[in-house]
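Reviewing the structure listed below.
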Amino acid sequence: MNSPASPTVVIVPGLRDHVADHWQTLLAERLDDARTVPPLEHDKLDRAARVAALDTVLNDISGPVVLVAHSAGVMTTVHWAQNPTRPIQGALLATPADLELPLPAGYPSGEDLDRGGWNPIPRRRLPFPSVVAASRNDPLACYRRVTGMAELWGSRLVDLGNVGHLNPAAGYGYWPRAEELLQELIEHTAASAAARC
């Protein structure tokens, strides 16, 4: 997908980090020169540490960047965007986890997330174009709340239908739609940038 002028894709995983059969991992393998924010060795629930890890990856890239975030990785991205350290061409934000509401069993508690600095969720307009891909039956977020976040972030909303949390537990390993949405985002943001020149 990459050419000399095309952006570097940076994958921003959720709190479960790297899962071999997750669509983000498989997407990174299919793209030339994609980068993935590495898992944390310590402070795994610390929002500031995750934002710093994203910032380290981004500041090591000299050209344009497009982010591909999933779940709590979306929240890492929107927290980073409150004080960005470099321009971003665009972001695909897939099935954001609503960390303000109680999560299902097996996920961090609200108290742990609050201690980690995740809440409140930022609701300011993002300083780059974005697409929120939302599920109607996500156990980690209510569709209505996600559509509200997308509106406040200034994101284009894509209704994915009933895809659960869009993870291997919901039956999603390779997800071809990710490449389609990513390509649309890259083409749209590149065309918009050219029109401004």
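Against the list (1) over 29 Å from N162 (Cβ atoms); (2) touching a helix residue (DSSP H, G or I) at 6+ places or on another chain (Cβ under 6 Å), the condition A49 fails is (2). Taken over region 1-38, the criterion of being of a type in the set (S, T, N, Q) and either assigned to a loop (DSSP other than H, G, I, E, B) or within 12 Å of the chain's Cα centre (by Cα) (or both) is satisfied by N2, S3, S6, Q24, T36. Here S130 passes the criteria (1) free of Cβ contacts under 8 Å to residues at least 40 places away in the same chain; (2) in contact with a strand residue (DSSP E or B) (Cβ under 7 Å, 6 or more places away or on another chain) except the one numbered (1).
Which of the following residues is open to solvent by less than 20 Å² (accessible area, probe 1.4 Å) and without any contact (Cβ under 8 Å) to a residue 60 or more places away in the chain: V163, V158? So that I can check it myself, show each step before the final result.
On the way: V163 fails: without any contact (Cβ under 8 Å) to a residue 60 or more places away in the chain.
It is V158.
Does A105 count as under 25 Å from Y174 (Cα atoms) and not hydroxyl-bearing (S, T, Y)?
No: the conditions fail for A105.
Of the helices (runs of 4 or more DSSP H) lying entirely inside region 39-124, those containing at least 1 residues that are open to solvent by 10 Å² or more (accessible area, probe 1.4 Å), touching a residue at least 12 places away in the same chain (Cβ under 8 Å) and not charged (D, E, K, R) span 47-58, 72-80. Among the residues of region 132-153, is any crowded, with 20+ Cβ neighbours inside 10 Å, hydroxyl-bearing (S, T, Y), modelled with pLDDT under 95 and within 26 Å of L26 (Cβ to Cβ)? Scanning region 132-153, I find no residue that is crowded, with 20+ Cβ neighbours inside 10 Å, hydroxyl-bearing (S, T, Y), modelled with pLDDT under 95 and within 26 Å of L26 (Cβ to Cβ), so the answer is no.
Annotation note: Cβ proximity below 8 Å between a residue of region 174-197 that is farther than 16 Å from V132 by Cβ and a residue that is modelled with pLDDT of 90 or more and aromatic (F, W, Y) (sequence gap 6+ or interchain) occurs for Y174/W23.
Examine region 73-96 for a residue that is over 17 Å from the mean Cα position of the chain (by Cα) and not polar (S, T, N, Q), and state whether such a residue exists. Within region 73-96, not a single residue is over 17 Å from the mean Cα position of the chain (by Cα) and not polar (S, T, N, Q). Looking for something open to solvent by less than 10 Å² (accessible area, probe 1.4 Å) and farther than 22 Å from R30 by Cα - is there at least one such residue anywhere in region 179-190? No, every residue in region 179-190 fails to be open to solvent by less than 10 Å² (accessible area, probe 1.4 Å) and farther than 22 Å from R30 by Cα. Screening region 166-178 for residues that are crowded, with 19+ Cβ neighbours inside 10 Å and out of contact with any strand residue (DSSP E or B) (no Cβ under 6 Å at 6 or more places or on another chain) and picking the one that is nearest to V10 (Cα to Cα) gives A178.
The values are calculated or read from the model by the stated rules, or taken from the named source; none is laboratory data. What you are looking at is a predicted structure, and each value in this text was computed from that prediction instead of being measured. Note: ideal-geometry Cβ built from the backbone for every residue, glycine included; neighbour counts use all protein chains shown. Note: accessible area is taken over every heavy atom of the protein model, side chains too, but ligands, DNA and RNA are not part of it. Shrake-Rupley method; radii C 1.70, N 1.55, O 1.52, S 1.80 Å.
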